[in-house]
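Down below is the structure, laid out as structure tokens.
The values are calculated or read from the model by the stated rules, or taken from the named source; none is laboratory data. Please read these numbers as outputs of a predicted model, since none were measured by experiment. Heads up, the Cβs are rebuilt from the backbone with ideal geometry, glycines too, and the neighbour counts pull from every protein chain shown. In case anyone asks, the SASA skips ligands and DNA or RNA and just uses the protein heavy atoms, side chains included. Shrake-Rupley method; radii C 1.70, N 1.55, O 1.52, S 1.80 Å.
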Amino acid sequence: LESLRAIVFFDRVWLILKSGSSVDPVVYAIQEMISMPDIDEDVPFEFKVVEGILSCLTEDLRTGLSAVKPSVERTLNAIERPKSLSGLDENARKLRLLKQELNLYEVQLHGIRDALFDVLDDDEEMSHMYLSDRLQALARGKKIRRKDAPHEEMESKSERKGCQFFVSRFSCAGR
């Protein structure tokens, strides 16, 4: 999903992926978010789309980390009980390669987290994300002002959700 690009409108989304990539998981995640009933408030379509994309992205990273975890555990167990000196060297080499792979996941994770929190911390960016509200304001002949954008609660909710994504979904990385 590294190559995923999305153009989100107030009522639709365009997903752009490199040739050969599958868009299905992203589409399913977005459809799931859109079809979920709102619990405490009306969440605009555009936020549901972003949440679906983030959900799919974090699930993709979690799946990748989960696939590496058994190899790390086997290699660490083999290092604890080496059968020979050459086996110890081979397992140390495997462990270095696995560490590099885990470091790549960590870099991706930090990049996603930083981008997400950069947007959440920028009031101007957050106010521009309310596409549905902006469209309604324009239809009424009003110009939406930054201070009119009701994003404080959405920002707080997104930050909590973002923290939950990055703590709970990647807990296997710290083990």
* **Cα radius of gyration and Dmax for segment 16-66 (Å)** => 12.3, 39
* Structure fact -> Note to self: C-alpha centroids of segment 95-112 and segment 3-75 sit apart, in Å, by 20
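Against the 2.2 N^0.38 Å scaling, with N counting residues, where does segment 1-92 land? I'd like the Cα-based Rg ratio to two decimal places.
Against the compact-globule rule of thumb, the ratio is 1.67.
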* **Asp24/Gln100 FRET efficiency (R0 45 Å; Cβ-Cβ; nearest 0.05)** => 0.95
* At q = 0.26 Å⁻¹, what base-10 log of I(q)/I(0) does the Debye formula yield for segment 77-121 when every alpha carbon is treated as an equal point scatterer in vacuo? -> -0.84
* Portion, in percent, of the accessible area of segment 1-151 that falls on carbon or sulfur, probe 1.4 Å -> 55
* Obtain the nm distance between the two label points defined at Glu32 and Phe9 by a simple spin-label model: each point lies 7 Å from its Cα along the Cα-to-C-beta direction. => 2.6
* **At R0 = 41 Å, FRET efficiency that the Cβ-Cβ distance of Ser86 and Asp114 yields, to 0.05** => 0.45
* Just round it to a whole percent: the fraction of Cα-Cα distances in segment 41-130 exceeding 21 Å. => 51
